[in-house]
Amino acid sequence: MKNAIIGLIMLGIAGLGYSQDNGVQPVELEEVNISPLNLTYLNQVQDHDTPTPAKELENFASRYDITKDPIFDRNFEAYEVIFKETDGRIVATYDQEGKILSSMEKFDNIALPAPVRNTIFQNFPGWSVHKDSYLVSYWLDGEVKKIYKVQVRKDNKRKNLKMDRLGNFMK
């Protein structure tokens with residue numbers, strides 16, 4: 001009995017040792033691409049309320065490497081690049097090193113953050129959101145402006161609202 005138990009243990013150990021070698025060969029990467037990430041830009045324009053389509057296009061713009069573009073020439077001080085998606089657009093200005101100096105962003109028909117929605121429904125009961133836009137203005141070493149423009153309608157009436165991300169009305 002003792003020999004049978006020892007035999008089973010040895011068989012188990014041998015089986016485990018054999019299973020560790022699955023014949024997978026290491027793969028060497030031919031080339032690794034490192035692209036600049038404009039973290040200053042991302043930290044300024046994104047927060048937890050930023051709509052998903054805006055985050056996706058902003059992430060793409062932050063990773064864009066102007067120095068790899070065929071038109072790149074170090075003799076120019078700045079480059080303007082336009083990024084477009086179905087309901088979004090970013091016009092970003094890059095310097096010679098690939099850093100975003102400024103951006104103007106507009107996203108239409110996005111999901112409004114909860115504070116904006118709550119303010120609208122509290123102040124305009126029975127009204128419905130007809131259309132909306134999310135606007136962002138970014139300047140390096142400057143203030144970032146984030147505005148939601150919303151048109152609400154009820155019967156034959158409409159109102160155009162301008163709000164910040166916290167749901168405060170702006171003039």
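The values are calculated or read from the model by the stated rules, or taken from the named source; none is laboratory data. It should be emphasised that the depicted structure is a prediction, and the values quoted were computed from it without experimental measurement. Every residue, glycine among them, receives a Cβ derived from its backbone with ideal geometry; neighbour counts consider all protein chains shown.
Let me confirm something: among Asn168, Asn118, Asn156, which residue is without any contact (Cβ under 8 Å) to a residue 12 or more places away in the chain and farther than 19 Å from Arg63 by Cα?
On the way: Asn168 fails: without any contact (Cβ under 8 Å) to a residue 12 or more places away in the chain; Asn118 fails: without any contact (Cβ under 8 Å) to a residue 12 or more places away in the chain.
Selected residue: Asn156, the only one of Asn168, Asn118, Asn156 that is without any contact (Cβ under 8 Å) to a residue 12 or more places away in the chain and farther than 19 Å from Arg63 by Cα.
Tell me whether the range 32-43 contains one or more residues that are at pLDDT below 70, under 30 Å from Tyr134 (Cβ atoms) and small (Gly, Ala, Ser). Taking every residue of the range 32-43 in turn, at least one turns out to be at pLDDT below 70, under 30 Å from Tyr134 (Cβ atoms) and small (Gly, Ala, Ser).
The residues on offer are Phe107, Phe60, and the sole one that is among the aromatic types (Phe, Trp, Tyr), outside any loop (DSSP other than H, G, I, E, B) and surrounded by 17 or more Cβ atoms within 10 Å (Cβ to Cβ) is Phe107.
Touching a Ser or Thr at 6+ places or on another chain (Cβ under 8 Å) and on the phi < 0 side of the Ramachandran plot, is that true of Arg165? Even if it seems obvious, please write down each step before you answer.
Working: touching a Ser or Thr at 6+ places or on another chain (Cβ under 8 Å): no; on the phi < 0 side of the Ramachandran plot: yes.
So Arg165 does not fit the description; no.
Against the definition (crowded, with 16+ Cβ neighbours inside 10 Å and out of contact with any Gly (no Cβ under 8 Å at 6 or more places or on another chain)), how does Trp127 come out, yes or no? Yes: the conditions hold for Trp127. In the set (1) surrounded by 14 or more Cβ atoms within 10 Å (Cβ to Cβ); (2) in a strand (DSSP E or B), the condition left unmet by Arg117 is number (2).
Would you please name the residue that is farthest from the chain's Cα centre (by Cα), looking only at residues in the range 63-77 that are outside any loop (DSSP other than H, G, I, E, B) and within 19 Å of Tyr41 (Cα to Cα)? It would help to see each step written out before you state the result.
Of all residues in the range 63-77, those outside any loop (DSSP other than H, G, I, E, B) come to 63, 66-68.
Retained after the next criterion (residues that are within 19 Å of Tyr41 (Cα to Cα)): 63, 66-67.
Values: Arg63: 11, Ile66: 19, Thr67: 22 Å.
My answer is Thr67.
In the range 84-106, the residues that are modelled with pLDDT of 95 or more form no Cβ pair under 6 Å with any partner that is among the hydroxyl-bearing types (Ser, Thr, Tyr) and in a loop (DSSP other than H, G, I, E, B), whether six or more places apart or across chains.
So which residues in the range 130-146 are aliphatic (A, V, I, L, M) and crowded, with 16+ Cβ neighbours inside 10 Å? I'd like the intermediate steps shown before the answer.
Taking the range 130-146 and keeping what is aliphatic (A, V, I, L, M), we get 135-136, 140, 144.
Across the range 130-146, the qualifying residue is only Val136.
Yes or no: the range 120-136 includes at least one residue that is among the basic types (Lys, Arg) and over 22 Å from Tyr41 (Cα atoms). Yes: one or more hits. Filtered by the rule that a residue be modelled with pLDDT under 95 and either of a type in the set (Phe, Trp, Tyr) or more than 20 Å from the chain's Cα centre (by Cα) (or both), the range 131-153 gives Asp141, Gly142. Among the residues of the range 78-86, is any assigned to a loop (DSSP other than H, G, I, E, B) and acidic (Asp, Glu)? So far as the range 78-86 goes, yes, one or more of its residues are assigned to a loop (DSSP other than H, G, I, E, B) and acidic (Asp, Glu).
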